[in-house]
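Asker: Have a look at the structure that comes next, please.
The values are calculated or read from the model by the stated rules, or taken from the named source; none is laboratory data. A quick note: this is a predicted structure, and the numbers were derived from the prediction, not measured. No Cβ is skipped: glycine too gets one built from the backbone with ideal geometry, and neighbour counts run over all protein chains shown. What goes into the accessible areas is simple: the full protein's heavy atoms, side chains included, and nothing from ligands, DNA or RNA. Shrake-Rupley method; radii C 1.70, N 1.55, O 1.52, S 1.80 Å.
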Amino acid sequence: TASDKVDFNREIRPLLAKHCYACHGADTQESNLRFDERDSILVPADSGQTAVVPHEPAQSEMLRRIRSTDHSDQMPPEGDRLSESDVAKLERWIE
């Protein structure tokens with residue numbers, strides 16, 4: 001519904017900038033992955049996994065890594081984890 005729609009520029013871009021751009025932005029692209037360019041998140045990264053599979057949050061590696069409790073796999077690897085409400089926003093955005 002319209003009330004469930006997530007505004008990318010207002011709600012998602014700031015999350016990505018805060019938690020992801022240091023490693024996956026314009027200056028650094030770990031795993032050949034950029035979150036500041038749409039095309040990069042829609043194709044497989046060096047891992048072979050696709051960060052965002054539109055309409056398929058369960059298939060989106062970004063969400064799997066954000067939710068991971070394995071310290072060698074979780075994202076972001078350092079700093080504050082995303083809140084549950086932020087993760088829910090990302091999931092709704094992907095849906």
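Asker: Computed FRET efficiency, Cβ-Cβ of residue 10 and residue 88, R0 22 Å: what is it to the nearest 0.05?
Answerer: Computed FRET efficiency for residue 10 and residue 88 comes out at 0.90.
Asker: For region 48-63, in order, what is each residue's ³J(HN,Hα) by Karplus, 6.51 cos²θ - 1.76 cosθ + 1.60 with θ = phi - 60°, in whole Hz (x at glycine and Pro)?
Answerer: The phi angles translate into x, 9, 9, 4, 10, 9, x, 6, 10, x, 5, 9, 8, 4, 4, 5 Hz.
Asker: Using the Cα gyration tensor of the chain, with a ≥ b ≥ c the square roots of its eigenvalues, what is the shape: rounded (a/c below 1.5), prolate (a/b larger than b/c) or oblate (neither)?
Answerer: rounded
Asker: Now, a different point. Out of 76, 51, 14, whose Cα points farthest toward the positive end of the dipole of the chain (charges: +1 Lys, Arg; -1 Asp, Glu; placed on Cβ)?
Answerer: Of 76, 51, 14, it is 14.
Asker: Output the 0 to 90 degree angle, nearest 10, between the alpha-carbon long axis of helix 84-94 and the longest principal axis computed from the alpha carbons of the chain.
Answerer: So the inclination is approximately 80 degrees.
Asker: Less than 10 Å Cβ to Cβ from residue 49, Lys/Arg counted +1 and Asp/Glu -1: what total charge do the surrounding residues give?
Answerer: 0
Asker: Would you mind counting up the charge near residue 22? Only other residues with Cβ under 13 Å from its Cβ, with Lys and Arg at +1 and Asp and Glu at -1.
Answerer: -3
Asker: Where the only charges are on Cβ atoms (+1 Lys, Arg; -1 Asp, Glu), what is the dipole of the chain about its Cα centre, to the nearest 20 debye?
Answerer: Using Cβ point charges on Lys, Arg, Asp and Glu, the chain gives about 220 debye.
Asker: Give the accessible surface of the chain per residue, rounded to a whole number of Å², with probe radius 1.4 Å and ligands, DNA and RNA excluded.
Answerer: It amounts to 64 Å² per residue over the chain.
Asker: Within the accessible area of the chain, what % is carbon and sulfur when the probe is 1.4 Å and the other protein chains stay in place?
Answerer: 45
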